[in-house]
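**Q** Okay, handing you the structure first.
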């Protein structure tokens, strides 16, 4: 069995530069490396691997796919920041500006157990958004990555012009909202952006619903399981920043300590 496998998604972050350097550095550390190409599925690659540790160099979506396999197999997981935002790597204490340095965690990383969320049967590491944020993600995939300033301007435009309610019910209770966020542990939320998490092992889902037209404040409710229904049979969603469509009702749960995460001590 190999000591470690690094799966590299060269398409992360809209074609991240430095793939060749990362591969060379990984092999110098005696890691097995699989660079995704064509129709390769990172979860399938991880599922077939015989390795003591499985790492993924990619964005949050790629990390979640591989983390799901690591949970199934109870294998240590390493997230090498190689995407656009790398929210999970940041919250795990990994330097987002140094993917090569993160490779050292294969050998000397500190293992701890952290929580994962589930939406229906799909694992998520960060959060699931419904409503306007999800629309922005779907639009991004249609037009590819936009600069942050343009994304914020578009968010403001949507908030000002969108009048189509989601018709949501949280555990049967009607909610008037055009944005809803379900997160794996607690976030510090800004008006138009998602902040950081202080913990990855709180063991709670957080459901954030904004008060008022613009989300100056967020109502936060916590649970270990929650069901969100809608008048619509399907809702657009963003799962760890990746576009999806979910049939309603949408069931969320959290699995405390399910993932063996390698990170800084």
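What follows is calculated from the coordinates using simple rules that are stated; it is not laboratory data. Given the structure is predicted, the values throughout are model-derived calculations rather than measurements. Every residue, glycine as well, gets a Cβ built from its backbone with ideal geometry; the counts of neighbours run over all protein chains shown.
**Q** Can you work out the FRET efficiency for the pair residue 72 and residue 211, with r the C-beta to C-beta distance and R0 = 45 Å, to the nearest 0.05?
**A** With a Förster radius of 45 Å, E is 0.70.
**Q** Label the stretch 1-115 by shape, choosing from rounded, prolate and oblate, from the square roots a ≥ b ≥ c of the eigenvalues of the Cα gyration tensor; if a/c is under 1.5 it is rounded, and otherwise prolate applies when a/b is larger than b/c, oblate when it is not.
**A** Details: a/c = 1.17, a/b = 1.09, b/c = 1.06.
Taking the square roots of the gyration eigenvalues as a ≥ b ≥ c, the stretch 1-115 is rounded.
**Q** Assuming 0.36 nm per residue, please report the length gained on full extension of the stretch residue 245 to residue 122 beyond their Cα-Cα distance.
**A** 43.1 nm
**Q** Using r as the Cβ-Cβ distance of residue 35 and residue 220, and R0 as 41 Å, what FRET efficiency do you calculate, to the nearest 0.05?
**A** Given R0 = 41 Å and the Cβ-Cβ separation, E is 0.50.
**Q** If each residue of separation counts as 0.36 nm, what is the full-extension length gain between residue 231 and residue 21 once their alpha-carbon separation is subtracted?
**A** Extra length from residue 231 to residue 21 when fully extended: 70.6 nm.
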